[in-house]
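The values are calculated or read from the model by the stated rules, or taken from the named source; none is laboratory data. The model shown is predicted, which means the values in this text are computed figures rather than measured ones. Methodologically, a virtual Cβ is constructed for each residue, glycine included, from the backbone with ideal geometry; neighbour enumeration extends over all protein chains shown. We work out accessible area using only protein heavy atoms, side chains counted, and drop any ligands, DNA or RNA first. Shrake-Rupley method; radii C 1.70, N 1.55, O 1.52, S 1.80 Å.
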Amino acid sequence: SRLAIAGSWPDFALLDSGDGQKLERYGPFTVVRPEPQAMWRPRLPVSVWEEADAVFSGDVEEEGPGRWRMPRPLPESWPMAYGPARYLGRFTSFRHMGLFPEQHTQWDHLTDLVRARGTQPKVLNLFGYTGLASLLAAAAGAHVTHVDASKKAIAWARENQSLSGLDDKPIRWICEDARRFVEREVRRGNTYDFVLLDPPKFGRGPKGEEWHLFRDLPPMLEAVEAVMADGPSELFLTVYAIRASYLAFHQTVAEIFARRGGSLVSGELAIREDGSGRLMPTANFVRWAGPALGDMSGPAPGEAS
């Protein structure tokens, strides 16, 4: 197994964690959000936590809406950046800020693969949210198809595209149920070189379709396997179902992709806390690489065996 360890960058840092919460910085603002896995004690004084610009309260396990408490008025959105991508941060009712910073090791690996290809590879980003992975892949030279069931997420992603000055890049923004889209691509015979799959535990499509992770991920993976291009292709699967082991997802991908050969890397995504170096676990991941991409036995940048 591997740890894919994300660090801070100018517009993000995990400042402290403990007692079921985490203190982060997004651009100029510090926020406190629930984090059930932070069972240890905070490192910084209580006074530092009390100076946070916004504090979220809500039921994390159920992913339901909650509310933000802000001691002073804050803007509805503000610009941040990661590499060539510019994006807007927002205080959403589901506690998210418009990005998942622990994903940056995945973004870096994908953009390295895109640049190494030399031609314009095709990237499919499923459950693509606000589009950072799509923007970074397009900036690196990929043709991107971005699929999300939320009109708000697609609109936010397109705002990020314009903010990044990437309106001329080939990105298809598609508001549709991800599984339906992939199954239709299978029938059409379309294929993709790199596929990002970041499903929620539960979700709804634009026509009321329901997504249940443990029920629907295996058939989704079967459809994804069918749209993977032959040759040097790669799948990036990230799952935020904390109550499951990465081994469950590793075995599922291994069986569905067995006929293709290739290699698998799986483990956990984590964020390194500034100052202490403590690691905050965030998600399970599995990466499958086609045979032509060669051996993946060595960790990618930011990874530890």
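At a probe radius of 1.4 Å, what is the per-residue accessible area of Ser276, in Å² to the nearest 10?
Around 50 Å² of this residue is reachable by solvent.
Would you calculate the convex hull of the Cα atoms in the chain and tell me its volume per residue in Å³?
Output value, Cα hull per residue: 127 Å³.
Shape of the stretch 102-162 from its Cα gyration tensor (a ≥ b ≥ c, root eigenvalues): rounded if a/c is under 1.5, otherwise prolate when a/b > b/c, or oblate?
It is prolate, given that a/c is not under 1.5 and a/b is the larger ratio.
In the Gaussian network model of the chain, springs joining C-alpha atoms below 10 Å, which of Glu273, Glu210, Glu234 carries the largest mean-square fluctuation?
Glu210
Of all the Cα-Cα pairs you can form in the stretch 1-122, what percent are over 18 Å apart?
59 percent
Which ³J(HN,Hα) values, rounded to whole Hz and listed in residue order, are derived for the stretch 139-148 from phi using the Karplus coefficients 6.51, -1.76 and 1.60 in 6.51 cos²θ - 1.76 cosθ + 1.60 with θ = phi - 60°, glycine and proline given as x?
Per residue, the Karplus-derived 3J(HN,Hα) values read 4, 7, x, 8, 9, 10, 10, 10, 10, 8 Hz.
Which ³J(HN,Hα) values in Hz, rounded to whole numbers, follow from the phi angles of the stretch 186-201 under the Karplus curve 6.51 cos²θ - 1.76 cosθ + 1.60, where θ = phi - 60° and Gly and Pro get x?
Those phi angles translate into 4, 5, 6, x, 7, 10, 9, 7, 9, 10, 9, 10, 10, x, x, 5 Hz.
Give, in nm to one decimal, the length gained when the segment between Ala81 and Ala248 is fully stretched (0.36 nm per residue of separation minus the Cα-Cα distance).
56.7 nm
Summing +1 for each Lys or Arg and -1 for each Asp or Glu, what net charge is found among the other residues whose Cβ lies under 15 Å from the Cβ of Asp148?
My count for the surroundings of Asp148 gives +3.
Please give every one of the lysines within straight-line cross-link reach of Lys201, meaning a C-alpha to C-alpha distance under 28 Å, and leave out same-chain neighbours fewer than 8 residues apart.
Cross-link targets: Lys22, Lys122, Lys151, Lys152.
Hey, which aspartates and glutamates would be in cross-link range of Lys169, C-alpha to C-alpha under 20 Å, not counting anything within fewer than 8 residues on its own chain?
Answer for Lys169, where 20 Å is the Cα cut-off: Asp108, Asp112, Asp148, Glu159, Asp193, listed by chain and number.
Report in % the part of the accessible area of the stretch 1-89 that belongs to carbon and sulfur, leaving out ligands and nucleic acids; probe 1.4 Å.
Answer for the stretch 1-89 is 54 percent, counting heavy atoms of protein chains only.
Taking only DSSP H segments of four or more residues, each worth -39500 (n - 2.57), what value at 222 nm results for the chain once the sum is divided by all its residues, to the nearest 500 deg cm²/dmol?
That comes out to -8000 deg cm²/dmol.
Probe radius 1.4 Å, ligands and nucleic acids ignored: give me the carbon and sulfur share of the accessible area of the stretch 208-267 as a rounded percent.
The C+S portion of the solvent-accessible surface of the stretch 208-267 is 54 percent.
Quick check on packing: order 149-160, 118-129 by the mean number of other C-beta atoms within 10 Å, highest mean leading.
118-129, 149-160
Among Ala142, Ala244, Ala133, which one shows the highest mean-square fluctuation when the chain is modelled as a Gaussian network with alpha-carbon springs under 10 Å?
Evaluated over the chain, the most mobile residue of the options is Ala244.
To the nearest 10 square angstrom, what accessible area does Phe214 show with a 1.4 Å probe?
140 Å²
Roughly how many Å² is the accessible area per residue of the stretch 25-126, as a whole number, for a 1.4 Å probe?
On a per-residue basis, the stretch 25-126 sits at 50 Å².
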